[in-house]
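Bear in mind these aren't lab numbers, they're just calculated from the coordinates by the rules spelled out. Note that the coordinates shown come from a computational prediction; the quantities given were computed from them, not determined experimentally. Because the Cβ atoms are built from the backbone with ideal geometry, glycine has one as well, and the counts that use them run over all protein chains shown.
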Amino acid sequence: MSPASNTGSATINASWLVTGASRGLGLCLVRQLSASGARVLALSRSTGPALPGVTHVAYDQSDAASITAAAQAISTPIDYVIHNAAIRGDTGGLASLTADHLAEVMRINVAGPLLLTRALLPHLSPRATLAFISSRAGSFTEGHDPDGDYAYCLSKAALNRAVAKLADDLSCRVLALHPGWLRTDMGGDEAPDDPETAAARILSLLVNPKGPRTGSYCDSYGKPILP
Ligand SMILES: NC(=O)c1ccc[n+]([C@@H]2O[C@H](COP(=O)([O-])OP(=O)(O)OC[C@H]3O[C@@H](n4cnc5c(N)ncnc54)[C@H](OP(=O)(O)O)[C@@H]3O)[C@@H](O)[C@H]2O)c1
């Protein structure tokens, strides 16, 4: 299925912002949006490939000044924001957890997207969607993961709570989405799902007028995940 046919014409006249656009899921999202004719702000630490409709913006999600500067570069209203950039943490379990490392992961995976959201508020369309790429690992109920990465699980649980809080506070639609276990640098080669397919599912879900309501936490098919 081509990205354009999969995402439908609703993307064509929309403007999008995607973080973590340099590789993995973020790069797939940007490529497919470009192919569908969307206007895209691709935020990343390194400049990605030149693509039609795509403007690259320098962005380090660990740095408040960089987040503010990225938002100041915006001159047209944004319809869809995909907060995708994130890092994994140490996988050594409780034995190797440190407060500094936990703080670093929370800074990038939670504080960064929240600060960017605040900076973007003046630039959002009235009916904007803010999609936060979360993980099933952030679910108390479904997030059982044997790999010992406390910091990542905690960061995604906090992100989910932030999404619920933002859904209370903001008039735009706010979502937490689990993309699936993907064959990316983060997901590894043994992952069952490919990021191109996951990106297509996510874009279809976001532009679907009957898609998830604000405050939802769901997978890339739109199936709710228990908090
Ligand atoms: N892969 C999976 O199986 C899986 C499962 C559940 C959820 N997720 C979520 O899906 C999203 C995408 O994951 P992925 O698999 O595509 O990961 P990935 O391949 O590791 O890519 C991560 C992206 O985040 C960016 N990033 C990391 N730290 C950053 C920072 N300080 N400032 C700006 N950008 C930063 C990276 O940029 P650089 O190139 O500059 O490092 C890269 O573009 C993440 O939110 C992840 O938690 C993934």
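Bridges between two residues of the chain, per DSSP, are antiparallel at a rate of about 5%.
Taking label positions 7 Å along the Cα-Cβ direction at both SER46 and LEU94, the computed distance is 3.8 nm, reported to one decimal. Using only alpha-carbon positions in the chain, the gyration tensor eigenvalues give semi-axes of 25, 19, 18 Å once each is multiplied by 5 and square-rooted (largest first). Think of the stretch 3-219 as a dipole: +1 on every Lys or Arg Cβ, -1 on every Asp or Glu Cβ, centred on the Cα centre; then among MET106, LEU27, GLY89, LEU27 lies furthest on the positive end. Shown is the FRET efficiency for ASP147 and SER62, computed with R0 = 22 Å from the Cβ-Cβ distance and rounded to the nearest 0.05: 0.45.
For the stretch 118-227, the list of GluC sites (Glu not before Pro) that fall in a loop by DSSP and count at most 16 other C-beta atoms within 10 angstrom reads GLU142, GLU190. With a simple spin-label model that places each label point 7 Å from the Cα along the Cα-to-Cβ direction, the separation between THR197 and ALA69 comes to 4.0 nm.
Rounded to the nearest Hz, the phi-derived 3J(HN,Hα) couplings of the stretch 73-88 under the Karplus curve 6.51 cos²θ - 1.76 cosθ + 1.60 (θ = phi - 60°) are 7, 8, 10, 10, x, 9, 8, 9, 10, 10, 7, 10, 4, 6, 10, 7, where x marks glycine and proline.
Taken over the stretch 188-227, the ratio of Cα radius of gyration to 2.2 N^0.38 Å equals 1.29. For the chain, with only Lys/Arg (+1) and Asp/Glu (-1) charged at the beta-carbon, what is the dipole magnitude about the Cα centre, in debye rounded to 20? In total the dipole reaches around 840 debye.
Any idea what diffusion coefficient the stretch 128-227 gets from Stokes-Einstein, in µm²/s, Kirkwood Rh on alpha carbon pairs, 37 °C, 0.692 mPa s? For the chosen part, D equals 238 µm²/s. Relative to the 2.2 N^0.38 Å rule of thumb, the stretch 86-168 has a C-alpha radius of gyration ratio of 1.19.
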